[in-house]
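Student: Have a look at the structure that comes next, please.
The values are calculated or read from the model by the stated rules, or taken from the named source; none is laboratory data. Please read these numbers as outputs of a predicted model, since none were measured by experiment. Cβ: placed from backbone, ideal geometry, glycine included. Neighbour counts: every protein chain shown.
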Amino acid sequence: MSTKADYTPDQWKAIAAAPVLAGLYITISDASGLVGITKEAMAVGKAISTAAATSPSELVKSLGESVKAAGGRPEMPELPRRNAAETKSAIMKVLQEAKAAVATQSPAEADEYTKWVLSVAKSVAEASKEGGFLGFGGMQVSADEEASLKELSGGLGVNA
């Protein structure tokens, strides 16, 4: 198992922020109003904690605990805010850097780490119905969220 000491500060920032950024990637893809965004934000913390608690990876467990201790928000890298496409592109770059760092320092944990990050994104996509009115109708995962989940999977080299 690798630890924080095995990484540069920038690598560790990316590794720790990746699950939150994956959730943000989904939220940006289909903003679902104030209630939906709130549900999705809450889903990030819950998904990180739940998945980390049951993961066989000590790195994932450690990261889950550190995110929990930080109040659900690790130190985040700077992201552009001009438009959604640019922000999503920057997030993808950070996620790929995090995966590469883990794969280099702890190859045995890289797959589990990547699956954990993607599981957080999936939980966020499922957190709030999209396209309904006052909680009626709509779909659990919108087409834009589904497309973003596929982008994340592809960008991280995991079959969806």
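Student: Return the residues of the stretch 99-126 that are touching a helix residue (DSSP H, G or I) at 6+ places or on another chain (Cβ under 8 Å), under 21 Å from ALA147 (Cα atoms) and not hydroxyl-bearing (Ser, Thr, Tyr); say none if nothing qualifies.
Tutor: LYS99, TRP116, VAL117, LEU118, VAL120, ALA121, LYS122, VAL124, ALA125, GLU126
Student: Considering only the stretch 1-112, give the helices (runs of 4 or more DSSP H) lying wholly within it that have at least 1 residues that are modelled with pLDDT under 80 and over 12 Å from the mean Cα position of the chain (by Cα).
Tutor: Those helices (runs of 4 or more DSSP H) span 33-54, 58-69.
Student: Select from the stretch 123-160 the residues that are within 27 Å of LYS4 (Cα to Cα) and at pLDDT below 90 and write down the one among them that is surrounded by the most Cβ atoms within 10 Å (Cβ to Cβ).
Tutor: Filtering the stretch 123-160 for residues that are within 27 Å of LYS4 (Cα to Cα) and at pLDDT below 90, the one surrounded by the most Cβ atoms within 10 Å (Cβ to Cβ) comes out as VAL124.
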